[in-house]
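Peer 1: My structure is below; once you've seen it, I'll send some questions.
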Amino acid sequence: MQEEIKIYTYPDPILRTRSSIIENIDGSTQILIDKMAKTMYSAPGIGLAAIQIGQPVRLVVYDLAQWHDDNKKPSVLINPEIIMAEGEVMHEEACLSVLDFSAEVKRSAKIKVRGVDRNGDPVDIEAEDLLAICLQHEIDHLNGVLFIDHISSLKRSLYKKRIKKGLKK
């Protein structure tokens with residue numbers, strides 16, 4: 001049985017690392033994808049960026065249907081980039097790396113993302129609603145940005161104080 005993969009949590013500095021482009025999709029990339037999917041499902045979450053498990057590469061797995069479907073089939077995006085964004089929407093977000101906290105975050109309502117899948121085939125995704133929010137959230141991780149960076153400084157400082165208090169225990 002595979003050991004549990006650690007999800008790094010705020011304020012770990014690795015979460016502020018900008019992830020590198022994956023130049024070669026090889027066997028180790030495939031193993032990483034499978035580990036990430038398993039970790040995401042067991043957490044449980046709807047998305048996971050490689051940096052959240054300490055791997056600073058531009059790789060995201062996600063599955064919005066995971067609670068509704070026993071046939072789990074995670075989607076994979078390698079080297080994703082947002083090439084179009086329009087409109088605005090507010091949505092409640094949480095994060096596997098930001099424990100016990102959620103907040104309303106302003107995101108683009110509609111986006112287009114370009115990347116490649118686990119086989120290296122080009123992928124273009126036009127997304128809105130929860131998929132758009134999930135992809136923006138995960139791509140932020142690849143750039144060292146957390147969803148709490150999008151909330152008011154007051155809410156962020158209250159969360160930081162709560163975390164510091166918890167770390168002292």
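Peer 1: Just to be sure I understand, how many residues within segment 158-169 are loosely packed, with under 11 Cβ neighbours inside 10 Å and outside any loop (DSSP other than H, G, I, E, B)? Don't jump to the end; show me each part of the working.
Peer 2: Step one: list which residues in segment 158-169 are loosely packed, with under 11 Cβ neighbours inside 10 Å, which gives 161, 164-169.
If we keep only those that are outside any loop (DSSP other than H, G, I, E, B) as well, we get 161, 164-168.
Looking only at that region, the number is 6.
Peer 1: Out of the residues in segment 107-122 meeting the condition of being surrounded by fewer than 16 Cβ atoms within 10 Å (Cβ to Cβ) and not in a strand (DSSP E or B), tell me which one is nearest to the chain's Cα centre (by Cα).
Peer 2: 117
Peer 1: Here's a follow-up. Which one of 148, 111, 139, 133 is within 17 Å of residue 84 (Cβ to Cβ), among the hydrophobic types (A, V, I, L, M, F, W, C) and in contact with a helix residue (DSSP H, G or I) (Cβ under 8 Å, 6 or more places away or on another chain)?
Peer 2: Numbers: 148 fails: within 17 Å of residue 84 (Cβ to Cβ); 139 fails: in contact with a helix residue (DSSP H, G or I) (Cβ under 8 Å, 6 or more places away or on another chain); 133 fails: in contact with a helix residue (DSSP H, G or I) (Cβ under 8 Å, 6 or more places away or on another chain).
The match here is 111.
Peer 1: Let me ask something else about it. Failed condition for residue 65, given (1) surrounded by fewer than 18 Cβ atoms within 10 Å (Cβ to Cβ); (2) under 19 Å from residue 133 (Cβ atoms); (3) hydrophobic (A, V, I, L, M, F, W, C); (4) at pLDDT 95 or above, with all others met?
Peer 2: If we test residue 65 against (1) surrounded by fewer than 18 Cβ atoms within 10 Å (Cβ to Cβ); (2) under 19 Å from residue 133 (Cβ atoms); (3) hydrophobic (A, V, I, L, M, F, W, C); (4) at pLDDT 95 or above, just (4) comes out false.
Peer 1: Now a separate question. Regarding residue 31, is this residue of a type outside the set (Lys, Arg), in a helix (DSSP H, G or I) and surrounded by fewer than 17 Cβ atoms within 10 Å (Cβ to Cβ)?
Peer 2: Considered against the rule, which asks whether it is of a type outside the set (Lys, Arg), in a helix (DSSP H, G or I) and surrounded by fewer than 17 Cβ atoms within 10 Å (Cβ to Cβ), residue 31 comes out as yes.
Peer 1: Now for a different question. Among the numbered criteria (1) more than 19 Å from residue 143 (Cα to Cα); (2) part of a loop (DSSP other than H, G, I, E, B); (3) modelled with pLDDT of 95 or more; (4) not charged (D, E, K, R), which one does residue 91 miss?
Peer 2: Residue 91 satisfies all of (1) more than 19 Å from residue 143 (Cα to Cα); (2) part of a loop (DSSP other than H, G, I, E, B); (3) modelled with pLDDT of 95 or more; (4) not charged (D, E, K, R) except (2).
Peer 1: What is the residue count in segment 89-118 for residues that are over 13 Å from residue 150 (Cα atoms) and among the charged types (D, E, K, R)?
Peer 2: Within segment 89-118, residues that are over 13 Å from residue 150 (Cα atoms) and among the charged types (D, E, K, R) number 6.
Peer 1: Somewhere in segment 91-102, is a residue more than 16 Å from the chain's Cα centre (by Cα), surrounded by fewer than 18 Cβ atoms within 10 Å (Cβ to Cβ) and over 25 Å from residue 27 (Cα atoms)? Even if it seems obvious, please write down each step before you answer.
Peer 2: Applying the first criterion (more than 16 Å from the chain's Cα centre (by Cα)) to segment 91-102 yields 100.
Within this subset, residues satisfying the condition of being surrounded by fewer than 18 Cβ atoms within 10 Å (Cβ to Cβ) are 100.
Those left that are additionally over 25 Å from residue 27 (Cα atoms): 100.
Scanning segment 91-102 turns up at least one residue that is more than 16 Å from the chain's Cα centre (by Cα), surrounded by fewer than 18 Cβ atoms within 10 Å (Cβ to Cβ) and over 25 Å from residue 27 (Cα atoms).
Peer 1: Which residue pairs have Cβ atoms closer than 8 Å, lie 6 or more positions apart in sequence or on different chains, and pair a first residue in segment 105-119 that is more than 15 Å from residue 140 (Cα to Cα) with a second residue that is among the aliphatic types (A, V, I, L, M) and outside any strand (DSSP E or B)?
Peer 2: 109/132; 110/132; 116/25; 118/25; 118/33; 119/25
The values are calculated or read from the model by the stated rules, or taken from the named source; none is laboratory data. Predicted, not measured: the structure shown is a model, and the values here were computed from it. Here Cβ is always computed from backbone atoms with ideal geometry, including for glycine, and neighbour counts include all displayed protein chains.
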